[in-house]
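What follows is one structure encoded as structure tokens, with my remarks underneath.
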Amino acid sequence: MTMSILDPYTLGRDGLAALLDDQPRYRAVQVHRWLVRGVDDPAEMTDLPRGLRQRLAELLPPPSVMLRHSSADDGLTRKVLLGFPAARSASKTPGTDSPALGIAGRIKESSLRTDVETESVLMCYPARDGKAGRATVCVSTQAGCAMGCPFCATGQAGLRGQLSVGQVVRQVTVMQRLLAEGAVNVPGVPDHVTNVVFMGMGEPLANLDVTIAAVRWLHDHDGFDLSARSITVSTVGLVPGIRRLADVGLPITLAVSLHAPDDALRDDLVPVNRQHPLAELLEAARQYQDRTGRRLTFEYVLIDGINASVDQARRLAALLGGFGAHVNLIPLNATPAVPWRAPPVPAQRAFLAALHEAGLAATIRRNRGGDIDAACGQLYADYAMASGRTLPAAVGAAERLSVPQGVEQLTGAPPS
Ligand code: SAH
Ligand code: SF4
């Protein structure tokens, strides 16, 4: 994992205090407070002496840049493309002989990141019928993803790299700042982030240390102070990661992406199922539920003609009976590489009804941000298109599964 140890989010208050050990401790607290409020440019940290601001600008990675900010759903959904400029070379850091710069002096150039971009989405839900308003940020943990789920644009693009703690946390604080500055001017929308979901680009449990550190940063009572229950980590089903997340000892909500009621279909829709089949995954999920006391969420993308029949709904219900979990149905959002579509609305409702009949708590996720490619599975569609790179496995799985049952696939010349 490449991660600059000067990432001020990784350092936290204590690390910042060590970095500034010739300063009174409250200076580190001031810097941390600015980061919590969404300010990462030392030039804007106006309660610090000018000299200290300059020194921080030399020590810390360059501030992130908002490259694009798009809006949908009458302003209630925002997608932000953040750019992280390459960190300065450590050899150019002045004053590395100072004891206060001990950490900086030890940095090797190879540990510094180059340019990275992240996409994240803010979804606002105004207060209604006595229910409090919510402002949920969906964050990415990786640039791209290596898991290769054929229906997902991020998976189709492959993995470009891991994000650092700062690059994950910054996606949240930048939205916090937008809200605090009144960018979403709709009555009943909170002026701060109320929920964070790790459901953007990438597999959070394949960048586990960073995911856990980001969760801790967001949860810190003296900092961002988000309750663990307001944080959801979504996983494709990496069993060792689920076990380690349970060890963190925080009641983070775990969402498990299931998408199929049996191993044969899941092997194709979620290739990592070949390493961690359903029985093993559900066992780990049950242990997570027992240890944290948190009700699980299962996500299930509905794909017409593939996994969305009433019979499949009944088999899904049989698999999940006894969990007391919540099933979140996500009608498929179109992606560039495969021709699959969501089922028609009546078929979606029939699937939902079959789950309800079997006694499961289930809902269909309201689609947000489809107009700006901000909906589930659409992030980094631009990258997939621009690079022209689509995982052959994605297309292969789509072709294999799309052959209607009972019809032989033609491999040679058509019969005369
Ligand atoms: N890698 C993690 C988290 C990111 S994906 C995971 O897979 O769980 C977040 C959710 O979006 C997952 O449930 C995923 O299956 C779903 N998703 C991916 N592509 C989608 C698409 N094209 N349409 C709808 N949902 C999609
Ligand atoms: Fe990765 Fe999740 Fe997309 Fe699968 S669905 S490719 S795990 S981001």
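The values are calculated or read from the model by the stated rules, or taken from the named source; none is laboratory data. Just so you know, these numbers come straight off a predicted model, no measurement behind them. Neighbour counts run over all protein chains shown; Cβ positions are idealised from the backbone, glycine included. Just so you know, the surface numbers come from the protein's heavy atoms only, side chains and all, with ligands and any DNA or RNA stripped out. Shrake-Rupley method; radii C 1.70, N 1.55, O 1.52, S 1.80 Å.
Filtering segment 1-53 down to residues that are charged (D, E, K, R) and closer than 19 Å to Ser64 by Cβ, which residue is least open to solvent (accessible area, probe 1.4 Å)? Please lay out each step first, then the result.
Within segment 1-53, the subset charged (D, E, K, R) is 7, 13-14, 21-22, 25, 27, 33, 37, 40-41, 44, 47, 50, 53.
Still in the list and also closer than 19 Å to Ser64 by Cβ: 7, 33, 37, 40-41, 44, 53.
Numbers: Asp7: 10, Arg33: 128, Arg37: 125, Asp40: 25, Asp41: 45, Glu44: 74, Arg53: 57 Å².
Filtering segment 1-53 for residues that are charged (D, E, K, R) and closer than 19 Å to Ser64 by Cβ, the one least open to solvent (accessible area, probe 1.4 Å) comes out as Asp7.
Which one of Val165, Val215 is touching an Asp or Glu at 6+ places or on another chain (Cβ under 8 Å) and touching a residue at least 24 places away in the same chain (Cβ under 8 Å)? Give the steps one after another, and end with the answer.
Numbers: Val215 fails: touching an Asp or Glu at 6+ places or on another chain (Cβ under 8 Å).
So the residue among Val165, Val215 that is touching an Asp or Glu at 6+ places or on another chain (Cβ under 8 Å) and touching a residue at least 24 places away in the same chain (Cβ under 8 Å) is Val165.
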Item to complete: Run down Gln176, Gln142 and say which single residue is away from ligand 1 (no atom under 12 Å from the Cβ) and either in contact with an Asp or Glu (Cβ under 9 Å, 6 or more places away or on another chain) or modelled with pLDDT of 95 or more (or both).
Response: Gln176
Worksheet, complete the sentence: Exception for Gly324 within (1) at pLDDT below 95; (2) in contact with a His (Cβ under 8 Å, 6 or more places away or on another chain) falls at (2)
Practice prompt. Report yes if some residue within segment 241-249 is in contact with a Leu (Cβ under 8 Å, 6 or more places away or on another chain) and surrounded by fewer than 19 Cβ atoms within 10 Å (Cβ to Cβ); otherwise report no.
Written response: yes
Fill in: Where Leu208 falls short, out of the listed (1) in contact with a Leu (Cβ under 6 Å, 6 or more places away or on another chain); (2) within 16 Å of ligand 2 (Cβ to nearest atom); (3) aliphatic (A, V, I, L, M); (4) in a helix (DSSP H, G or I)
(1)
Worksheet entry | Selection count, segment 273-300, where residues are under 14 Å from Pro240 (Cβ atoms) and out of contact with any Gly (no Cβ under 6 Å at 6 or more places or on another chain) | 7
Discussion item. Could you list, ordered by first residue, the pairs with Cβ atoms under 9 Å in which the first is in segment 325-341 and farther than 18 Å from Gly155 by Cβ and open to solvent by less than 20 Å² (accessible area, probe 1.4 Å) and the second is of a type in the set (Val, Ile, Thr) and not in a loop (DSSP other than H, G, I, E, B), at least 6 apart or interchain?
Written reply: Ala325/Val256; Ala325/Thr297; Val327/Thr297; Val327/Thr363; Leu329/Val301; Leu329/Thr363; Leu329/Ile364
Practice prompt. Output yes when any residue across segment 114-131 is open to solvent by less than 10 Å² (accessible area, probe 1.4 Å), at pLDDT 95 or above, touching a Ser or Thr at 6+ places or on another chain (Cβ under 9 Å) and under 20 Å from Leu245 (Cβ atoms), and no when none is.
Written response: no
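Inspect all residues belonging to segment 291-300 and state whether any of them is over 26 Å from His219 (Cα atoms) and open to solvent by less than 20 Å² (accessible area, probe 1.4 Å). Steps first, answer last, please.
Here is the first cut: in segment 291-300, the ones over 26 Å from His219 (Cα atoms) are 300.
With open to solvent by less than 20 Å² (accessible area, probe 1.4 Å) added as a condition, the list becomes 300.
Yes, segment 291-300 contains at least one residue that is over 26 Å from His219 (Cα atoms) and open to solvent by less than 20 Å² (accessible area, probe 1.4 Å).
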